[in-house]
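The values are calculated or read from the model by the stated rules, or taken from the named source; none is laboratory data. Bear in mind that the values here come from a model prediction, so they are computed numbers and not experimental data. All Cβ positions, glycine included, derive from the backbone under ideal geometry; neighbour counts span all protein chains shown. Areas reflect the complete protein model, heavy atoms only, side chains present, ligands, DNA and RNA absent. Shrake-Rupley method; radii C 1.70, N 1.55, O 1.52, S 1.80 Å.
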Amino acid sequence: MDLYDCIYKRRDTRHFTQDDLPAEVLEKALDAAHAAPSVGLSEPWRFIVVKSQERKKEIKDLFQESNTKAESQITDSKQTALYNSLKLEAIEETPIGIAIFCDTSTLDSFTIGTIGNTSTLEWSCACAVQNLWLSLTEQGYGAGWVSILDYKKFENLFEVPENWRSLGYICLGKPATDYDGQPMLQKEKWKVRSKKPYVKYV
Ligand SMILES: Cc1cc2nc3c(=O)[nH]c(=O)nc-3n(C[C@H](O)[C@H](O)[C@H](O)COP(=O)(O)O)c2cc1C
């Protein structure tokens with residue numbers, strides 16, 4: 001697939017078929033993730049591949065807890081109804097999920113590029129997730145990022161080392177739809193995608 005086709009075809013997917021995710025597809029996507037840029041070559045991304053239905057159920061419970069909290073913050077009743085109609089995860093439906101963590105212990109005594117802001121470690125992990133996402137798209141698969149989670153509880157669930165910070169959970173599988181080539185949130189009339197990026201030339 002052409003690079004630009006891949007970029008524009010990539011979707012955040014919440015509706016999947018029952019197809020499995022072949023091991024070689026996952027391996028290729030993880031290798032692509034590992035080829036991402038990282039601040040000071042810190043490579044702070046850590047991936048925990050989830051296959052266990054039991055663990056998925058625990059993650060789903062965390063999602064539901066946070067989602068209820070999110071819903072309670074909406075003040076407009078029409079918006080609440082629309083919010084509740086949105087499918088914002090596919091945790092228990094996808095064959096595989098990946099819990100994404102940022103290992104902040106990779107920040108050593110002098111990590112190039114972190115003088116201004118140590119959150120550059122997390123941005124590096126986001127670059128890795130984007131590579132993973134594009135690789136899956138190129139291979140005919142898809143992913144959906146779930147961030148509606150209490151990150152501290154999520155870290156505790158996986159009993160990760162003290163220095164690992166959670167970046168959420170990615171559901172991986174075969175997309176059942178392409179949402180007519182637009183973000184699902186636009187298709188469901190939650191928000192409209194802007195046509196052009198904000199760019200200023202000085
Ligand atoms: C960091 C991050 C967290 C996200 N968290 C969620 C989420 O919890 N649930 C969800 O349905 N979509 C989530 N999304 C997906 C966005 O809603 C989606 O990317 C956006 O609507 C644009 O759609 P597209 O990715 O299909 O272009 C997340 C995306 C990012 C980058």
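Some notes on this structure:
- In the condition set (1) among the hydrophobic types (A, V, I, L, M, F, W, C); (2) under 27 Å from Y141 (Cα atoms); (3) out of contact with any Phe, Trp or Tyr (no Cβ under 6 Å at 6 or more places or on another chain), I98 is compliant with all but (3).
- Condition met for W145 (within 13 Å of the ligand (Cβ to nearest atom) and in a strand (DSSP E or B)): yes
- Qualifying residue in the range 74-87 (condition: part of a loop (DSSP other than H, G, I, E, B) and touching a residue at least 60 places away in the same chain (Cβ under 8 Å)): yes
- Picking from residues in the range 46-73 that are within 14 Å of the ligand (Cβ to nearest atom) and touching a residue at least 40 places away in the same chain (Cβ under 8 Å), the one that is most open to solvent (accessible area, probe 1.4 Å) is E65.
- Screening G181, G140, G168 for residues that are closer than 15 Å to R11 by Cβ and within 15 Å of the ligand (Cβ to nearest atom) leaves exactly one candidate, G181.
- A count restricted to the range 16-37 and to residues that are within 16 Å of the ligand (Cβ to nearest atom), touching a strand residue (DSSP E or B) at 6+ places or on another chain (Cβ under 7 Å) and not in a helix (DSSP H, G or I) stands at 1.
- Verdict on A128 being closer than 30 Å to Q79 by Cβ and in contact with a helix residue (DSSP H, G or I) (Cβ under 8 Å, 6 or more places away or on another chain): no
- Residue pairs whose Cβ atoms lie under 6 Å apart, sitting 6 or more positions apart in sequence or on different chains, and linking a residue in the range 148-169 that is of a type outside the set (K, R) to a partner that is assigned to a helix (DSSP H, G or I) and open to solvent by 40 Å² or more (accessible area, probe 1.4 Å), are L157/E58; N163/T104; N163/S105; S166/Y151.
- Just so you know, in the range 154-202 the residues that are among the acidic types (D, E) and in a loop (DSSP other than H, G, I, E, B) include one that is nearest to the chain's Cα centre (by Cα), and it is D178.
- Residue check, C102 in a strand (DSSP E or B), modelled with pLDDT of 95 or more and closer than 30 Å to Y4 by Cβ: yes
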